[in-house]
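The next block holds one structure in the form of C-alpha cells; read it before the comments.
What follows draws every value from the coordinates through simple rules; no lab data is involved. Please read all numbers here as calculations on a predicted model, not as lab measurements. Here Cβ is always computed from backbone atoms with ideal geometry, including for glycine, and neighbour counts include all displayed protein chains.
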Amino acid sequence: MGDWKTITVPVLSSDSKNIFHYTSEKKISPPSMNSQVLRLPLPSSKSMHSFFSAFCTEENIEQSISYLNRELTTLGFPSIYAESKGQELNLISIINCMNELLVLQHKNLRAQEEVEMQHLKLGSDMDHLQNCYAKLKEQLELSKREIVGLQERDRQLQSKNRNLHQLLKNEKDEVQKLQNIISSRATQYNHDMKRKEREYNKLKERLHQLVMNKKDKKIAMEVLNYVGRADGKRGAWRTDKTEARNEEEMYKVLLSDYEQRQKQLLVENAELKKVLQQMKKEIILLLPPQKQKPKERSEDGPVLSDLEEDIGELNKENMWELSCETVREQLTNSIRKQWRMLKNHVEKLDNQVSRVHSGALNEKDVISREDHELETEKLELEIQQCKEMIKTQQQLLQQQLMSPCDDDTTLLLQDCYLLEERERLQEEWRLFREQKKNFEKERRSFTEAAIRLGLERKAFEEDRGAWLKQQFLSMSTDYKHSENVTTPSAFLGSCDQDNQLVKSTSQRKPPCMLSGPVSGEPCQTSQYITRNSSSAASKKPAGDSKPNQWVESDKEETE
Amino acid sequence: MYKRGVVQVWSLEQPDWHCKIDEGSAGLVASCWSPDGRHILNTTEFHLRITVWSLCTKSVSYIKYPKACQQGIAFTKDGRYMAVAERRDCKDFVSIFVCSDWQLLRHFDTETQDLFGIEWAPNGCVLAAWDTCLEYKILLYSLDGRLLSTYRAYEWSLGIKSIAWSPSSQFLAIGSYDEKVRILNHVTWKKITEFEHPATVASSKTIVYKEVEKSPSVETERLSFPPTRALASSLFSTQSKYDVSQVPVSLQHIKPVADRANPKMGIGMLAFSPDNCFLATKNDNIPNAVWIWDIQKLKLFVVLEQLCAVQSFQWDPRQPRLAVCTGSSKVYLWSPAGCVSVQVPMEGDFQIVSLAWHCSGDSVALLSKDNFCVCYLEREEVK
C-alpha cells in the first residue's frame, strides 16, 4: 500500500529545497482525501504563480526553458524550441505540450482517483474480511468448546451406561443365585418332609395295628329296626366277571363321551363348511362379470371357468360329507383366491371413485343427476296418482256406506250387528250357566261320595275290628266264619264301586280343579282309599289322571 | 359326632329306621354319603383308613392310606365312580373305585409333589388333580387312568387356590394366588384366556352394583309401647339396596401380611352357572366383591360390591341366579335381570354364614352358626 513513488527531481541549485519540498508535498497530499486532490488544482493556481516565480526567475529563464525542453523531450513531447533557431520558442508546440500535459494531468488525476477508490474498496473489504475472520474464529472457538463439552457428556453417559449394564448383570446374577437358593431350599424341604412323612407313616402303621387289634370289641354298626330290601337280595360278591364288567362299563362310558364329542365336532364342521360354500357363491356373484377389458377377462376368465367347474364338481359330490384333506384344502384355497380377487376389485373401484371425485368426469355426473331427477319426477307423479286413486276409492266407499242413507236402513244394519252379538253372548251365557250347573252337581256328588266313603271306611274299620275280635274269641264255629266272609266281600264290592266312580269322574272334564280346593279333597281322599285297598292297578290310572287333569285345566285356561 | 366317633343315620321315609355306627378308638375325622345313598364313608383319625359301611348288607370295606388333603374323595356326577387320593411311601396315587360294588378299577400314580385335591368333570370322563399351592401344576387324567395333559402357568410363586368345572365339561377354570383365573378348554387342555381381578374396574361395559344402606322408614305415628316384634326388628336392622356405580370404580383392596402361611389373597371361590353362561369368582384380596364373568364373550359382566366381606355364594341349580351371603342377616340374589337384597325376617341377629340351594331351584337354605332357615322363591306364573 505504501508504494510511494517519489520522483527525484534533479536538484537545482537554489530552489531545490523548495521544489523538492513542494513536489514531495504534492505527492503526499493526494492519498489523504479526494477532495483535497480535486481542490488541489484550484489553490495550485495561486501556488503555481508562486511556483513559477520560484522555479523560473528572470535570471534563469534560459536555463529553465532548456530544462523544460529536456524534460519534455525525455517524456516524448516535441521540443519547445523552434527548429532552426536555438533560442526561439515554438509557441504552438509549447501550447500543445501544455495541453498534452494538462490532458496527462487529468488522466493521472482520474487514474489516481480510481486507484484511491480501489484502495478504499480494498480497505473496506479487508476490514470486512477481518471482521469475518474474527467472527469465524470466535465461532470456531465456541464450537470447539461445545465439542469438548459434548464429548465430556458422551463419556459420562457411556460410563453411566456401563454402570447400569453392570448393575443389571449383578441383579441378574443375584436373581439367579436366589433362584438357585430357592430350589436348593425346596429340595431340602422336600427331603425333610419326606423323612418326616416316613416317620409319620410308621406311627400311623403302629396306630393302625393297635386299632385293628381292638376292632372286634368296640367298632360295630348297629342297625335298629332293620328294613329288609324289597326283593330280598344281598350285596353282590366280587368276582372276575364283575371286574370285567366294570372295565367294560368304564370303557363304554369313555367311548360314548368321545363319540358325542366327535359328533358335535362333525356337526360344527359341517356347518362351517356350509357357511364357506355360501360365502364362496356370494363372492363369485359379487365379482365383476366378464364384460370388462380383455386383459381382465384373460385373468378372470380361466379362473372363473375353473371355479364354475369346481362348483359343479363339488356340488355333485355333495361336498360337505367328504372330509378328506384334499377337498378341504381345495375349498379353502379357492375361497382365498376369490377373496383376493374381490379385494382387488374393491380396491379398483375405490380408485375409480377417488378419480371421479377429483374432477375429470363432469359429464357423467351431469347425466346421472339428470337421470336421477327424471326418475324422482316419475316417482312423484306415480305417488300423486296413487294418492288420488286412494281418495276416490275412499269417497266411493263412504258413498256406498252412506247411500242407503235412510235412517231406517242404517239403524237396521246397526241393529243387525248388535243382534248378532247379543245372540252370541246369550248363547255363551247359556253354556256358561249349564256348565256351572254341571260343576255344582259334580261338586255335590263328590262331597256326597266323600262323606259316604268316610262313613263306609269307618264302618269297614269297625267291622274289621269286630271280625278280628270274633276270630280271636271263637276259632271253631263255621257258621260265624261264613258270615264274616260275606261282610268283607260286601265292603270290597262297595270299594270297587267307589273305584269306578273315581275313574268316571276323573275322566270327565275337570270342573274339580276350577271350583277350588273343596273338590280337590275328594280326589285326594279317593286316592288314599284306593291305595289302602291295595289294588295296584288303580294306583296308575289315578296317578295318570291327575297329570291329565292338570293338562286339561291348562288348556281350558288358555281358551 | 366327630368327638365321640359315632355316626347316626335316620331315614326320612321310615322314621322307625335308625342306624348308629361307632368307630370307637379309630376316631372319626370326616363322614360322607355315597351317591347311591346306601353306603357311608368314614375317614378315621389321622387319616389311617376310610371305612365303607354298607347300610343294606352291613358289610364293611376298607380303603388304606387315604390322603389327608382338602378334597381327597370325589364322586362322579352320575355316582358311578369314586376317586380317592392316596399317598404311599411319599408318593401320591389315585384310585378309582366302582361305586356299585366298591371294586378297584384303576390305580395310578400322579406326578405331583403333594396332591392337594381331585375333582371329576361333570361328564365323568376326566379327573383333574392339582398340586399344593407351592407348585402350580394341574394334571388331567382320563377315566381309565391315562394322563391326558399337564398345565403349569408359572413357577415359584404360590399356585392354584381353587378350581371349577363348567357344567358341560367344556371349560376348566383355575383360580390362583396371583389374582387371576385361567380357563382351559377341553379339546386341547390349553389356556384360552385369563381373567384379571384388578382393584379398579375401568371397563365401561361392566355394570357395578354397590350395596348401600337405606335408612329404615318408620312411621312415627305407629310407634307403640311396648314395640311390636316386627317394629323392633325393622328399627334395629338396616335395610340396604343396590345402586349402580359409574365406572371407573375402585374397590377396597387389602394386602395380606407377607410372612404368614395361607395368605388371604388370590381367587378363593369359583362357580359356574348351570347354563354355562356365567362364572362367579371372588378375589380374596378384594373380599367385598363378587365378580361375574360372561363366558360366551369371555369378558367381565357384573361386579357386586357388598358392605361386608362375602362369605359364600352359590348358583341356583336350574337357572342363572346367584345367591350371596356376607355374614349379615341379608341374602343377596343376582340374575341377569338385576339384583336384590332380601332381609331375613327374624327378630334378633341371624348372621348367614353359608347357603345351599334346593335342587329344584325353588328354595334356598340359609345357615347361621346355630340356626338355619329356608327361603322360598316364588316362581313367575306362565300365562
**Message:** Could you give the length gained by full extension between A:Leu203 and A:Gln105, i.e. 0.36 nm per residue of separation minus their alpha carbon distance, to one decimal place?
**Reply:** 21.1 nm
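If R₀ is 51 angstrom, what is the calculated FRET efficiency for the pair B:Asp259 and A:Gln260, using the beta carbon separation as r and rounding to 0.05?
0.55
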**Request:** Anything over 19 Å Cα to Cα? Flag those among B:Lys210/B:Lys330; A:Lys202/B:Lys67; A:Lys194/B:Lys67; B:Lys205/B:Lys264; B:Lys264/B:Lys369, in the order listed.
**Result:** B:Lys205/B:Lys264; B:Lys264/B:Lys369
**Asked** Of the peptides A:468-476, B:42-50, how do they stack up when ordered by the mean number of other Cβ atoms within 10 Å, highest first?
**Response** B:42-50, A:468-476
**Prompt:** Which of B:Val310, B:Val126, B:Val247 moves the most in a Gaussian network model of chain B with Cα springs under 10 Å?
**Reply:** B:Val247
**Ordering of A:197-210, A:170-183 by packing [mean C-beta count within 10 Å, highest first]** = A:197-210, A:170-183
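Can you give the FRET efficiency to the nearest 0.05 for A:Arg185 and B:Lys91, using r as the Cβ-Cβ distance and R₀ = 22 Å?
Calculated transfer efficiency: 0.55.
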**Prompt:** Assigning unit charges at the beta carbon (Lys, Arg +1; Asp, Glu -1) and nothing else, what dipole magnitude in debye, to the nearest 20, does the range B:234-362 show about its Cα centre?
**Reply:** 280 debye
**Fill in**
Given the candidates B:His47, B:Phe372, B:Ile21, the one whose Cα lies deepest towards the positive end of the charge dipole of chain B, counting +1 at each Lys or Arg C-beta and -1 at each Asp or Glu C-beta, is B:His47
**Message:** From Cα pairs below 8 angstrom and at least 6 apart in sequence, can you work out the relative contact order of the range B:1-53, rounded to a whole percent?
**Reply:** 26 percent
**Asked** Just going by the charge dipole of chain B, with Lys and Arg at +1 and Asp and Glu at -1 on Cβ, which of B:Met269, B:Trp334, B:Gly117 is farthest out on the positive end?
**Response** B:Gly117
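In peptide B:85-98, how many Cβ atoms from other protein chains are near each Cβ within 10 Å, on average?
2
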**Fill in**
Placing each pseudo-label 7 Å from Cα in the direction of the beta carbon, A:Arg70 and B:Arg4 end up separated by a distance in nanometres of 17.0 nm
**Request:** Within a 10 angstrom radius of each residue's Cβ in A:240-247, how many Cβ atoms of other chains show up on average? Whole number is fine.
**Result:** 4
**Message:** Given the options B:Thr200, B:Ile174, B:Val324, identify the residue whose Cα lies farthest towards the positive end of the charge dipole of chain B (+1 on Cβ of Lys, Arg; -1 on Cβ of Asp, Glu).
**Reply:** B:Ile174
**Asked** Taking the alpha-carbon centroid of each part, what is the distance from the range B:67-97 to the range B:1-42 in angstrom?
**Response** 20 Å
**Request:** Mind giving me the FRET efficiency for B:Leu367 and B:Lys241? R0 is 30 Å, r the Cβ-Cβ distance, nearest 0.05 is fine.
**Result:** 0.80
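Given contacts defined as C-alpha pairs under 8 Å and at least six residues apart, what's the relative contact order of the range B:35-163, whole-number percent?
14 percent
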**10 Å Cβ neighbours from other chains, averaged over peptide B:50-63** = 3
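With +1 assigned to the C-beta of every Lys and Arg and -1 to the C-beta of every Asp and Glu, and no other charges, what is the dipole magnitude of the range B:1-158 about the Cα centre in debye, to the nearest 20? Don't skip to the end; give the middle numbers.
Values: 17 positive and 19 negative charges, 45 e Å.
So the magnitude is around 220 debye.
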**Request:** With a 10 Å radius around each residue's Cβ, average the other Cβ atoms per peptide and rank A:252-262, B:71-81, B:132-142, highest first.
**Result:** B:132-142, B:71-81, A:252-262
**Item:** Charge dipole (debye, nearest 20) of chain B; +1 at Cβ of Lys and Arg, -1 at Cβ of Asp and Glu
**Value:** 420 debye
